[in-house]
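Beneath this line is the structure, given in structure tokens, with notes to follow.
No lab work stands behind these numbers, since they all come straight from the coordinates. Bear in mind the structure is a predicted one, so any value in this text is a computation, not a measurement. We place every Cβ from the backbone using ideal geometry, glycine too, and count neighbours over all the protein chains shown.
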Amino acid sequence: MQENEKRSAREIFADIPFPLKIVVVVGSIFIVFVICYVTYLTTIYEPKKERARIIAISGSPVYAGLLDPSVASNGTNRIMAYTSVSLLANGSFGTEVMLSQGQTNCMHWTPLTSKMELRPDTLIGPDLLTPVAHGAWRAETPSLVYDPADAGREWKLFAYRYFWSGSAPLARLYSVIVMRYASNPLDADWSREQWILSANDKAPPEPYANLTATKLNPLHPDLLDVYFYARPSVVNVDNVLVMSLSAFVQGKDSPDRIILLASTDHARSWRYLGTALRERDLAGMGAFTRLTGGSLFMKDKTMYLSAMLGTEDSDAVGAHILEFENASTASLRRDARNGSVAILNYLPTQKTPPSRLGGGALAYNDDCPRKTFMSESLTGQRHDIFVHPVSPVN
């Protein structure tokens with residue numbers, strides 16, 4: 001027994017009958033093959049990536065487009081605000097702000113009755129008699145925020161409203177930031193619309209000027225050259241409402257900068273925090289030639305800015321996520337080597353390369369985990385809101 005125990009593997013193999021030797025050799029080769037093949041598969045295999053999908057809004061009419069999503073939640077109700085575009089009988093189009101309630105998976109939504117509707121109107125001159133133009137007040141680029149410390153006004157809906165009669169210069173002059181609020185977002189009884197922000201005493205002109213609660217340009221010398229403001233985006237940071245706005249100057253069709261405001265009294269008054277991003281910052285960030293807009297979002301109690309940046313071929317090539325170095329002064333994190341604004345993350349458009357209009361208007365809420373809502377025009381005409389199965393920040 002002791003001699004057998006000391007025999008080598010070669011000696012033991014020599015004593016095995018020949019047919020069994022074949023079985024041992026083939027079996028050994030097969031085991032080695034399986035080990036190598038499994039190792040190879042685990043090295044090269046990539047799980048199938050989920051694709052972005054268009055959100056489903058049950059019972060919703062067919063619109064010419066949906067875009068500019070904003071999502072807010074109180075832990076029970078997930079509500080999305082968005083711009084809907086409809087074709088009008090005269091061949092033009094109208095925009096209004098719609099609301100929908102999200103189901104458990106945040107993929108399916110049910111329309112709510114409240115909205116900021118398209119309002120036909122005739123502009124009246126300062127003499128209160130002379131008609132200036134016939135058209136309609138459009139509402140678009142909404143932002144919805146949940147503000148639980150403001151009893152009776154917990155849900156606040158902001159939007160950009162302007163008068164459209166076919167004239168872009170007139171629309172820029174007659175434009176305001178508006179707000180509605182409600183205690184329960186499911187109720188049809190939201191407050192009357194309030195005109196809360198505009199550039200100065202001449203925007204919009206009399207007799208509309210005194211309808212706006214706050215004129216922004218006098219708040220700080222940085223704002224004196226701003227012609228009008230658009231695309232409000234509001235988040236709640238420890239019971240302080242922070243708003244970003246696209247600021248336009250005369251002679252430019254795209255925003256010159258994105259500024260930040262703050263309100264410590266639940267949107268009753270606002271103060272200027274600073275300028276977060278300027279068009280001139282783009283040169284250090286990549287091959288970008290256009291600042292299209294931006295939106296704020298919260299993730300894990302941290303505020304981020306998502307910027308839509310464009311190129312020579314597309315107005316917006318996706319969402320570029322920017323991190324704040326100091327949010328109280330609107331200071332973004334910058335590259336220590338060259339001082340350029342640092343891009344934390346990038347969510348590309350579905351279409352590669354992007355269409356002429358592109359996409360990148362982004363919304364996110366922690367109550368819809370691993371789902372980022374972003375509008376995009378695949379065709380360069382109609383916009384749709386897509387759900388990307390990723391978080392905007394890793």
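Quick notes on this one:
- √(5λ) per eigenvalue of the Cα gyration tensor, the range 117-225, largest first, Å: 26, 18, 12
- HN-Hα J in Hz across the range 244-252 - Karplus 6.51, -1.76, 1.60, θ = phi - 60°, x for Gly and Pro: 9, 9, 7, 9, 10, 10, 5, x, 10
- Principal axis extents of the C-alpha atoms in the range 158-298 (largest first, rounded to whole Å): 46, 38, 28.
- Judged by the gyration tensor of its Cα atoms, with axes a ≥ b ≥ c, the range 232-329 is prolate; a/c meets the 1.5 cut and a/b is the larger of a/b and b/c.
- Under Karplus coefficients 6.51, -1.76 and 1.60, residue-wise ³J(HN,Hα) of the range 93-100 in Hz, glycine/proline x: 9, x, 10, 8, 9, 10, 10, 9
- Over the chain, equivalent-ellipsoid semi-axes from the Cα gyration tensor in Å: 56, 23, 21
- Amide H partners (placed H, <5 Å) of Ile196, local residues excluded: Ile177, Val178, Met179, Ala213
- Cα-centred dipole magnitude for the chain, charges only on beta-carbon of K, R (+1) and D, E (-1), debye, nearest 20: 500 debye
- Amide H contacts under 5 Å for Arg334: Ala342, restricted to partners 5 or more places along the chain or on a different chain, H placed in the peptide plane at 1.01 Å from N.
- Between helix 18-44 and the chain: long-axis angle, C-alpha atoms, 0 to 90°, nearest 10: 10 degrees
- Student exercise, the range 222-347 dipole from Lys, Arg, Asp, Glu Cβ charges, in Debye to nearest 20: 220 debye
- Debye equation applied to the C-alpha atoms of the range 201-256, log10 I(q)/I(0) at 0.12, 0.28, 0.31 Å⁻¹: -0.35, -1.20, -1.22
- Here the Karplus relation 6.51 cos²θ - 1.76 cosθ + 1.60, evaluated at θ = phi - 60°, turns the backbone of the range 137-152 into coupling constants of 8, 7, 10, 7, 6, x, 9, 10, 9, 9, 10, x, 7, 9, 4, x Hz, with x for every Gly and Pro.
- Sparsely packed trypsin sites (Lys or Arg not before Pro) within the range 204-303, loop by DSSP, other Cβ within 10 Å at most 15: Lys252, Arg268, Lys301
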